[in-house]
Structures are given as structure tokens and as C-alpha cells.
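Participant: Dropping a structure here in C-alpha cells format, bear with me for questions.
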Amino acid sequence: MNPAAILSGMAHRERLSTLAATYLGSWRLRDSLGRTRRYRVAERRALRTALARSSVVVAAVLMAGALFTSFTDPLVGPELLILNFAGAAVSLGLAWLAQGRARRHVVLLAATWGFLMAGNLLLAGLTSPLQLRTAVLIMPSIPLVYALFIPWPVRVHLVAVGWTTLAGLLLTFLVAGSGIDPMSPIALTAVLTGGISVVGHAHRRAERIAAFEKETQIRGFHRRANEAGRRLHDANRAISSRARLDPLTGAGNRLGLEEALAVLDAGGDGAPTSVAFVLLDLDRFKPYNDRNGHLAGDWVLRRVTDTMAESVRANDSVYRFGGEEILVLLEEVDEAATEVVVGRILTSIEAMAVPHPENRPWQVVTVSAGWVLHVPGGALTTTASLAAADEALYRAKRLGRNRAVAAGRPDRESVPA
């Protein structure tokens, strides 16, 4: 035998084997997915929708067919009207049950619906020779219609195929027994259409499973994209927040302060009616750094800033203004309330009792403060109010330190109690 032919045959068999293995693996994967709880839930939901729509269509067809036949077929009595209208009512009732109380048993309802509709057609064929011929022609197509529009499980479809095939055989027997020549070999047609419908149903189910798998993947992509978007948003917000904080003290930095001052300058409904600008500076801080080192100085700055933050209210703000200067913004206060808060800050910092021998006569870390009451939208801009607070701070330094002075009010001087 020609070796080339042998090799070609082996390659051909190998390709067929690979294709068969690929198809079998794909079928097993789809079948395993079709057995999952999530797919069964989706299948029941689709079955409820299909049953509702099909019931309305079938009910309309039954009622219209009964009315039309009663006028065109003189052999048809009221029994066809009663039968078809009862079938329409049952069809709509089962659809209503599938959407309501019996929604968990929708597969059983769908199977019952299929039996009743095929049974209705079988009984309708008994009303007259013309209806018998019509039923014989329609019955074999029912499994195909089920395969296309009713997404029930394969085992249920097999039962429906068996039932409609049996009904088709009964109709064939009735046609032969009544002396009417069948227009086609109904029994063979019923068997063939039943077999075709099983293949079609399996193909449609595979398509539904594949569509469900893709939908699940897309939902997973969307979920991961949304989660990534939320993480990115949180990261951006965290970065934006950190960009407005002083890395050493954790207080607001100049960028955050400039934004707060811009809001005050703009005024409007969102701005407070009054804000006290309190500018504080550590007393004799350079000698402390020279004696203890910058790491100790940084530690003192953090301690002082934390103490200030603990001494004010939640709606007040603390900013590192520069070097060892700290700016506190007190919202919605008057002069008396400002004096109380500033006095509490000075007392709390002195009570820290951080040793500072060069800061005589207290020999602990203290601060001096200058403050001014700013009215947003008033005569002074925030820049002018800051300058006034800075001037008051230097006056507090000249008066002996560890005290607070109000801008423009030499009589408003306070020292820790």
C-alpha cells in the first residue's frame, strides 16, 4: 500500500478524532453549566416568560379558530366553542399560576400546558371530519413549535414528543377509520418531526447555555470593571486627600488652606457667617531644635498640632501655615467664644509639659497666638485678615510669649490660666 496514502488516512482520522474530542468536550462543558443552580434559575425565568407569551397566543388562536370554524363548518356544534374557550381559559390560568403562586413549579406547569394543548387539538378533531383533517395536519408540528419557543428541560421535551406522537398516531387511526384518505403519511411525519424537534431542542438549549455563559462572563466583566472603578475612585480620593495634608503633622497644608480661603472669599450660602483666624507659633523653637535635634523638633510639632486639633470643635480646621506656625480656623464664633477656644489651646499645650529649658520662665513648650475675627464678604479679604492675625502674633511675641492677642485690640490680650 502506498505509504503516502497511509499517512494521509492517519492524518484524516486524527483530525476527525480531534474534532470529535473538541465537540465532546464542548458538549460536556455546556452540559455541566446547564446543571448549575444559576442556569436552572435562569431557565425557569425564561420558561415563565415563554409560557406567559405562548399562553396568550394560543388562547387567542383557540378562540379565533373556534369562532371562525363555527361559521364555516356546518357540522361543528357548540362543543368546539366550549372546548376551545375552555382550553384558552386553562392556558391563561396556567400562565397566571406560573407568574404567581406556582412560580417554583413552572416546569410542571409547562408540561401540563403542553399536554392540555395537544389534548385539546386531539379532542377538537373529534368534532367533525374537517376538524379531524386539520388536527391531523397540525399535530406533527407541535413538537417543532415546542422546540423553538418553550425552553423547558430536555426530559420534559422528550415526554411532550412521545405524547404528541401518540396523539398523531391516534389521529391517523381515526382518519383511516372514518374513510378519509390522509393527505400525508401522518404517522411517519409525527415520528420524524418528533425526532427533528429533539435535535432542534438540544441545539437551542446549547445556544441558550452558551448565551447564558457569555452573559455571565459579561456581567463578571462589568462587575470587575465597576469594582476597579470604585477602587480607582477611592484611590483618587485618597490621593486628593493626602495632597491636602501636611506629611509631617497630618494637618491641612497650604493647598488645602488656599481652597478653604477661596470658599470664604467667594462667600455665598455655603460660607460661614464668621470665622476666627488664629495664627499660632511655637515659642523659641529654634533653640529647641538646636539643643534636641530636628527629629525631636518634628515630634514636638506633631504633638502640638494634635493637641490643637483636640482642643477645637469638629467643624474647625487646623493647617500648617509654614515652619512652626499653625493656623486654626474657628467657624461661627464671636470674640468671646474665640478667646475661650484660644485660651484652651494655649493651656493644653503648656499642660503637655514638654521640657524646653530655653523657653523661660516656663521651661516647657508653649505657643503664642494672634487672632482676628473675619466676616466672609465683609470689608477685609482673607489675605488682609491673615496679615492682621500675623501682626497680632508678633505683638504677642513682643509682649512676652505664651499669650494670645486680638488684631487691632491691644486691650484683648489673654494668657493661659
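The values are calculated or read from the model by the stated rules, or taken from the named source; none is laboratory data. This one's a predicted model, so the numbers in the text were calculated from it and none came from an experiment. Cβ sites come from the backbone with ideal geometry, for glycine too, and all protein chains shown count toward neighbours. Heads up: the accessible areas ignore ligands, DNA and RNA and are worked out on the full protein's heavy atoms, side chains in. Shrake-Rupley method; radii C 1.70, N 1.55, O 1.52, S 1.80 Å.
Participant: Between GLY252, SER141, VAL58, whose Cα lies farthest towards the positive end of the dipole of the chain when Lys and Arg beta carbons carry +1 and Asp and Glu beta carbons carry -1, centred on the Cα centre?
Facilitator: It is SER141, whose Cα lies furthest towards the positive end.
Participant: In addition: Provide the FRET efficiency to the nearest 0.05 for the GLU391-GLU227 pair, computing r from the beta carbons and using R0 = 51 Å. Kindly include the intermediate steps, with their values, before the conclusion.
Facilitator: Details: r = 53 Å, r/R0 = 1.04.
Result of the calculation: an efficiency of 0.45.
Participant: Which order do the peptides 271-283, 158-170, 293-305 come out in when sorted by mean C-beta neighbours inside 10 angstrom, highest first?
Facilitator: 271-283, 158-170, 293-305
Participant: Solvent-accessible area per residue for the chain at a 1.4 Å probe radius, Å²?
Facilitator: Result: 55 Å² per residue.
Participant: So if I place +1 on the C-beta of Lys and Arg and -1 on the C-beta of Asp and Glu, and nothing else carries charge, what would the dipole magnitude of the range 196-276 be about its Cα centre? I want it in debye, nearest 20. Could you put the intermediate results ahead of the total?
Facilitator: Values: 13 positive and 10 negative charges, 152 e Å.
In debye, rounded to 20, the range 196-276 gives about 740.
Participant: Test of understanding: extend the Cα→C-beta vector of GLN99 to 7 Å, then name every residue of the range 36-62 with backbone N under 18 Å from that spot.
Facilitator: 44-61
Participant: Determine the share of the chain's accessible area contributed by carbon and sulfur atoms, expressed in whole percent, with a 1.4 angstrom probe.
Facilitator: Exposed carbon and sulfur together represent 63 percent of the surface.
Participant: Evaluate the distance, in nm, between pseudo-label points positioned 7 Å from the Cα of ARG291 and of VAL340 along their respective Cα→Cβ axes.
Facilitator: 3.6
Participant: Find how much the distance from ARG244 to LEU192 grows on full extension, using 0.36 nm per residue of separation minus their present alpha carbon separation; answer in nm with one decimal.
Facilitator: Answer, rounded to one decimal: 11.0 nm.
Participant: Return one number: the angle in degrees, 0 to 90 and rounded to the nearest 10, between the long axis of the Cα atoms of helix 254-266 and the longest principal axis of the Cα atoms of the chain.
Facilitator: 90
Participant: May I pose another question? Charges at C-beta only: +1 for Lys and Arg, -1 for Asp and Glu. How large is the resulting dipole of the chain about its Cα centre, in Debye rounded to 20?
Facilitator: With only Lys, Arg, Asp and Glu charged at Cβ, the dipole is about 2300 debye.
Participant: I'd like to know which of ILE349, THR382, ALA407 lies farthest towards the positive end of the charge dipole of the range 290-417, counting +1 on Cβ of Lys and Arg and -1 on Cβ of Asp and Glu.
Facilitator: Final value for the positive-end residue is ILE349.
Participant: State the answer as a single residue: which of TYR319, GLY267, THR305 lies farthest towards the positive end of the charge dipole of the range 259-399, with beta carbon charges of +1 for Lys and Arg and -1 for Asp and Glu, about the Cα centre.
Facilitator: So the residue furthest toward the plus end is THR305.
Participant: Taking R0 as 45 Å, what FRET efficiency do you get between GLU79 and GLU207 from their Cβ-Cβ distance, rounded to the nearest 0.05?
Facilitator: Efficiency, from the Cβ-Cβ distance: 0.60.
Participant: Ranked highest first by average number of other Cβ atoms within 10 Å, how do 381-390, 93-102 line up?
Facilitator: 381-390, 93-102
Participant: With r defined as the distance between the Cβ atoms of VAL375 and ARG237 and R0 fixed at 30 Å, what FRET efficiency is calculated, to the nearest 0.05?
Facilitator: 0.40
Participant: Mind putting a number on the dipole of the range 40-151 about its Cα centre? Charges go on the C-beta only, +1 for Lys and Arg and -1 for Asp and Glu, and I need it in Debye to the nearest 20.
Facilitator: Values: 9 positive and 3 negative charges, 145 e Å.
Computed about the Cα centre, the dipole is about 700 debye.
Participant: Moving on to the next point. Mind putting together the pair-distance distribution for the range 273-417? All Cα pairs, 5 Å bins, whole percent per bin, short to long.
Facilitator: 2, 11, 21, 24, 20, 12, 6, 3, 1, 0
Participant: Ordered by packing density, taken as the mean number of other Cβ atoms within 10 Å over each peptide's residues, highest first, how do 224-230, 322-328 rank?
Facilitator: 322-328, 224-230
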